[in-house]
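Down below is the structure, laid out as C-alpha cells.
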Amino acid sequence: MHIVDGALSNPVVIAGAVAAAGGIAFGLRSLTLERIPAAGVLSASFFVASLVHVPIGPSSVHLIMNGLAGLLLGWAAFPALFVGLLLQAVFFGFGGLTVLGINTLNIALPAVIAWLLFGRLVASGTPLTGAIWAGIGGAFAIAATTAAVAVSLAASGDEFLPAAKLVFFAHIPVMVIEGILTGFAVLLARKVKPDLFLAVKGAGV
Amino acid sequence: MGHTLGPNEKTLTESGAIQVATLIGGLDARVRIIAAVCFGVVVVGLSSLPALLAALIVSLGLLAASGLRLRPTLKRMAMMDSFIIFMLVLLPFTMPGDAMFSVWGFPVSWQGFWRAVEIALTANAVILALMTLVGTLEPVTLGHALHKLRVPETLVHLLMFTIRYIEVLREESLRLRAAMKVRGFRPATNFHTYRSFGYLVGMMLVRAVERSERILGAMKCRGFSGRIYLLQEFALSGADRRFAVLLSALVFMLICLELQCR
C-alpha cells in the first residue's frame, strides 16, 4: 500500500502534499489541548495495530485499520495517520519522503469519509448494529484507500494502469478481513466501554 | 511490518539511550532533517542513471558515516523493495517501447525496464538517506527539532505522544497475545481467528482510551499548558556547517551530472 519515492509524477506528488497539508491543518484545528492525549495514544495504537499480522491462506497481511481510526478520531485521523506514516518512513524505512503527502491523503481521506458516512450510525443504536456499520465502514475505507492508490498510480502514467488494477483486485480479501475485524473491534469496544465514542469525541467539551 | 522486529527489539529507541558518537550522530538535528529533505527532493527530480547511481552512492556513504549497523538497515531497505518488486517487474511488460525480448508472447520493453530501474534507485537512495540522517535521531529529539523548524505545536505534541506510547502499547498488545496463546489460540485462516483479532484490536483501543484519560488527569494535575519545553538547546557548530557545505556540493554535483547525461 505504500507508494515509494520516484514512482509518481511531480504533479501527483505536489497535489497530494498540498491536499494532505490541508487535511492535517483541518484536523489539527479540531484537536484541543484536552483531546491531544487521546489522539496521541490512539495514533500510537493504530501504529501498533499495523504491526499485527493476520493470516490469510499461506500468506499474511498486516492491518491498516484506517476506517476504525476515522470512526474514532474524525478529522483528527489526518494528523494521527500522518504521524504514523512519518515514523514508519523515518525509523523503519517504509514508504518514502516526498510521497508522505500523497500516502497520508490516500489513507486518511477514506478514513474521514468513512467517519462522515458511518460515524453516527456506528456510535448509536445497539452494539450489534453499530458493529455491522463499523464493519461496512472498515471495508469501505480499505476499498477507497486501494482505489486512491490505484488512481494516483494511474494518474502518473498509463504504464501503471495494469499494476493499479491488480493492486485493487488483490486487496479484495484484505477489505473483507479489515471489515470483519473492524466490526468485532467496535462490537467489543461498545460492550466493554459504551461511552467510548463519546469519550474520544467529547473529551473536555 | 512486525516481522522486521526481532523478539527483543524495541520499536523506537528510548530517550536517554546511549547514542554512539559518529560522524553523523554529532550533527545538529535540524541540519540533518533539512539535509534529508533537500536530498530527497533533488533525487526524486533526477532521471538519468549515472546521476541516480551517484545519489545511491552518496546515501551509502551517509550510511557508512552514520554508524548504523549495516545488515539490519539494508535488510529493512530490502523489505521495502520486496513490496514494490511486484510493480517494478510489471513495468517492462506494460510500458510500450522497443522490445528487449518477450516472455510467453508478452513483449518486454527497454523503456519499461529502465523506468523500473530508475524507480528502484530513487526509492532506495531517498529512504536510505532518510533513515541514516533522521532515523538515527532519538525520536524525542526529532520532535523538538521539528518544533524548532516551525512545525505546528499541536502536530509536534501529537508526534511526541505517539512516540511515547508506541512501545507501551506494543508491550500491552504482546501481553494480550501471550494471554491468547496460553489459552490455546493459534492464528489460521478462519472466522474464529478474525473475530479474536478483532477483539484484540477492540480491547487495545478501550485500554488506550482509558489510558489517555489517566494521562490527561496526570497532565492537568501538573498544570500542563500546551508549551513544549526543550530538553536541550540546538546550536550550530563548525561540523554542522562543514556537513551542510559538503552535502550541498554533492547535491550540486548530482544536478550537474543529471544535466550532462540528459
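Screening B:Phe93 against (1) among the aromatic types (Phe, Trp, Tyr); (2) open to solvent by less than 30 Å² (accessible area, probe 1.4 Å); (3) farther than 30 Å from B:Ile24 by Cα leaves a single unmet condition, (2). Of all residues in the stretch B:209-259, those being assigned to a loop (DSSP other than H, G, I, E, B) and away from chain A (no Cβ under 14 Å) number 9.
Listed here are the residues, each with its yes/no results for (1) open to solvent by less than 30 Å² (accessible area, probe 1.4 Å); (2) over 25 Å from B:His147 (Cα atoms); (3) not aliphatic (A, V, I, L, M).
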{"site": "B:Asn190", "(1), (2), (3)": "no, yes, yes"}
{"site": "B:Val206", "(1), (2), (3)": "yes, yes, no"}
{"site": "B:Arg214", "(1), (2), (3)": "no, yes, yes"}
{"site": "B:Phe224", "(1), (2), (3)": "no, no, yes"}
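B:Phe86 meets the conditions (1) at the interface with chain A (Cβ under 8 Å from one of its Cβ atoms); (2) outside any helix (DSSP H, G or I); (3) aromatic (Phe, Trp, Tyr) in every case but one. The failed one is (2). Considering the conditions (1) more than 9 Å from every other protein chain (Cβ to nearest Cβ); (2) within 16 Å of the chain's Cα centre (by Cα); (3) of a type outside the set (A, V, I, L, M, F, W, C), B:Arg150 is excluded by exactly one of them, (2). Can you find, within the stretch B:132-147, the residue that is nearest to the other protein chains (Cβ to nearest Cβ) among those that are among the hydroxyl-bearing types (Ser, Thr, Tyr) and not in a loop (DSSP other than H, G, I, E, B)? Across the stretch B:132-147, the extreme among qualifying residues is B:Thr132. When the criteria are applied in full, B:Val103 fails the requirement of being touching a helix residue (DSSP H, G or I) at 6+ places or on another chain (Cβ under 6 Å), open to solvent by less than 70 Å² (accessible area, probe 1.4 Å) and farther than 15 Å from A:Val90 by Cα. If the condition is being open to solvent by 40 Å² or more (accessible area, probe 1.4 Å) and either without any contact (Cβ under 8 Å) to a residue 24 or more places away in the chain or out of contact with any helix residue (DSSP H, G or I) (no Cβ under 9 Å at 6 or more places or on another chain) (or both), then the stretch B:192-204 contributes B:His192, B:Arg195, B:Tyr199. Name the single residue that is nearest to A:Leu28 (Cα to Cα) among those in the stretch B:158-174 being in contact with a Leu (Cβ under 8 Å, 6 or more places away or on another chain) and buried (at least 24 other Cβ atoms within 10 Å of the Cβ). Only one residue tops the list, namely B:Leu158.
The residues in the stretch B:175-188 that are more than 9 Å from chain A (Cβ to nearest Cβ) and surrounded by 14 or more Cβ atoms within 10 Å (Cβ to Cβ) can be counted, and the count is 3. Scanning the stretch A:1-28 for residues that are aliphatic (A, V, I, L, M) and either buried (at least 24 other Cβ atoms within 10 Å of the Cβ) or at the interface with another protein chain (Cβ under 9 Å from one of its Cβ atoms) (or both) gives A:Met1, A:Ile3, A:Val4, A:Ala7, A:Leu8, A:Val13, A:Ala20, A:Ile24, A:Ala25, A:Leu28.
If you go through the stretch A:81-126 and keep only what is over 28 Å from B:Leu68 (Cβ atoms) and either charged (D, E, K, R) or within 11 Å of chain B (Cβ to nearest Cβ) (or both), you end up with just A:Arg120. Are any residues in the stretch A:32-49 within 14 Å of A:Ala76 (Cβ to Cβ) and crowded, with 24+ Cβ neighbours inside 10 Å, and if so, which ones? Result: A:Ile36, A:Pro37, A:Ala38, A:Ala39, A:Gly40, A:Val41, A:Leu42, A:Ser43, A:Ala44, A:Ser45, A:Phe46.
If you check every pair at least six apart or on different chains, which have Cβ atoms under 6 Å apart with a residue in the stretch B:44-56 that is closer than 8 Å to B:Glu258 by Cα first and a residue that is of a type in the set (Asp, Glu) and open to solvent by less than 30 Å² (accessible area, probe 1.4 Å) second? Pairs that qualify, where the first residue is closer than 8 Å to B:Glu258 by Cα and the partner is of a type in the set (Asp, Glu) and open to solvent by less than 30 Å² (accessible area, probe 1.4 Å), are B:Leu46/B:Glu258; B:Ser48/B:Glu258; B:Ala51/B:Glu258. The helices (runs of 4 or more DSSP H) falling completely within the stretch A:1-104 that include 3 or more residues that are within 25 Å of A:Phe184 (Cβ to Cβ) map to A:36-49, A:66-73, A:77-87.
Only a single item in (1) surrounded by fewer than 24 Cβ atoms within 10 Å (Cβ to Cβ); (2) out of contact with any strand residue (DSSP E or B) (no Cβ under 8 Å at 6 or more places or on another chain); (3) touching a residue at least 60 places away in the same chain (Cβ under 8 Å) is not met by A:Val54, and it is number (2). A single member of B:Ala51, B:Ala55, B:Ala35, B:Ala65 is buried (at least 18 other Cβ atoms within 10 Å of the Cβ), within 25 Å of B:Glu233 (Cα to Cα) and at pLDDT 80 or above, and it is B:Ala35. The number of residues in the stretch B:106-118 that are at the interface with another protein chain (Cβ under 8 Å from one of its Cβ atoms) and at pLDDT below 90 comes to 2.
The values are calculated or read from the model by the stated rules, or taken from the named source; none is laboratory data. Just so we're clear, the structure is a prediction, and the values are computed from it rather than from any experiment. Glycine also receives a Cβ, built like all others from the backbone with ideal geometry; neighbour counts cover every protein chain displayed. Ligands, DNA and RNA are excluded from the accessible area calculation, which covers all protein heavy atoms including side chains. Shrake-Rupley method; radii C 1.70, N 1.55, O 1.52, S 1.80 Å.
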